[in-house]
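The structure under discussion is supplied below as structure tokens; questions concerning it will follow.
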Ligand SMILES: [Zn+2]
């Protein structure tokens with residue numbers, strides 16, 4: 001067995017002497033295609049991932065387009081705080097009673113459950 005290993009080693013040394021600089025795979029590919037590899041390939045990665053099965057919107061809108069769409073939505077006066085906006089209504093107003101009551105209700109629930 002040791003003899004065989006020694007044989008392989010001498011063979012490898014011989015090959016190293018015969019072929020001092022073996023051509024890399026990249027060089028081979030460049031020769032094969034006939035065009036040198038581009039140093040800097042321009043292009044950006046896509047902005048967001050997309051899951052399977054969601055084909056409702058054919059084209060994904062950019063943040064800019066989304067902002068434009070939001071600005072085109074008609075504005076209404078919030079009956080709770082009196083601000084003209086299209087982001088919330090009286091029901092969903094951050095200053096409304098439901099928004100204020102929600103954390104209190106949560107706290108109440110926590111207190112109830114921690115009693116046990
Ligand atoms: Zn409001």
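The values are calculated or read from the model by the stated rules, or taken from the named source; none is laboratory data. Quick caveat: nothing in here was measured; it's all calculated off a predicted structure. Methodologically, a virtual Cβ is constructed for each residue, glycine included, from the backbone with ideal geometry; neighbour enumeration extends over all protein chains shown.
Considering each of 75, 90, 61, 66 in turn, give the residue that is surrounded by 10 or more Cβ atoms within 10 Å (Cβ to Cβ) and in contact with a helix residue (DSSP H, G or I) (Cβ under 9 Å, 6 or more places away or on another chain). Walk me through how you get there before you give the answer.
On the way: 75 fails: in contact with a helix residue (DSSP H, G or I) (Cβ under 9 Å, 6 or more places away or on another chain); 90 fails: in contact with a helix residue (DSSP H, G or I) (Cβ under 9 Å, 6 or more places away or on another chain); 66 fails: in contact with a helix residue (DSSP H, G or I) (Cβ under 9 Å, 6 or more places away or on another chain).
Answer to the check: 61.
Kindly check whether there is at least one residue in segment 58-74 that is touching a residue at least 12 places away in the same chain (Cβ under 8 Å), more than 10 Å from the ligand (Cβ to nearest atom) and in a helix (DSSP H, G or I). I'd like the intermediate steps shown before the answer.
We begin by selecting, within segment 58-74, every residue touching a residue at least 12 places away in the same chain (Cβ under 8 Å); these are 60, 62, 70, 73-74.
The next check asks that each one be more than 10 Å from the ligand (Cβ to nearest atom); those that pass are 60, 62, 70, 73-74.
Going one step further and asking which of them are in a helix (DSSP H, G or I), we end up with 70.
Looking for residues that are touching a residue at least 12 places away in the same chain (Cβ under 8 Å), more than 10 Å from the ligand (Cβ to nearest atom) and in a helix (DSSP H, G or I), one finds at least one in segment 58-74, hence yes.
Residues checked against (1) over 30 Å from residue 99 (Cβ atoms); (2) within 16 Å of the ligand (Cβ to nearest atom); (3) at pLDDT 85 or above:
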{"residue": "2", "(1), (2), (3)": "yes, no, no"}
{"residue": "7", "(1), (2), (3)": "yes, no, yes"}
{"residue": "16", "(1), (2), (3)": "yes, no, no"}
{"residue": "27", "(1), (2), (3)": "yes, no, no"}
{"residue": "36", "(1), (2), (3)": "yes, no, no"}
{"residue": "46", "(1), (2), (3)": "yes, no, no"}
{"residue": "52", "(1), (2), (3)": "yes, no, no"}
{"residue": "77", "(1), (2), (3)": "no, yes, yes"}
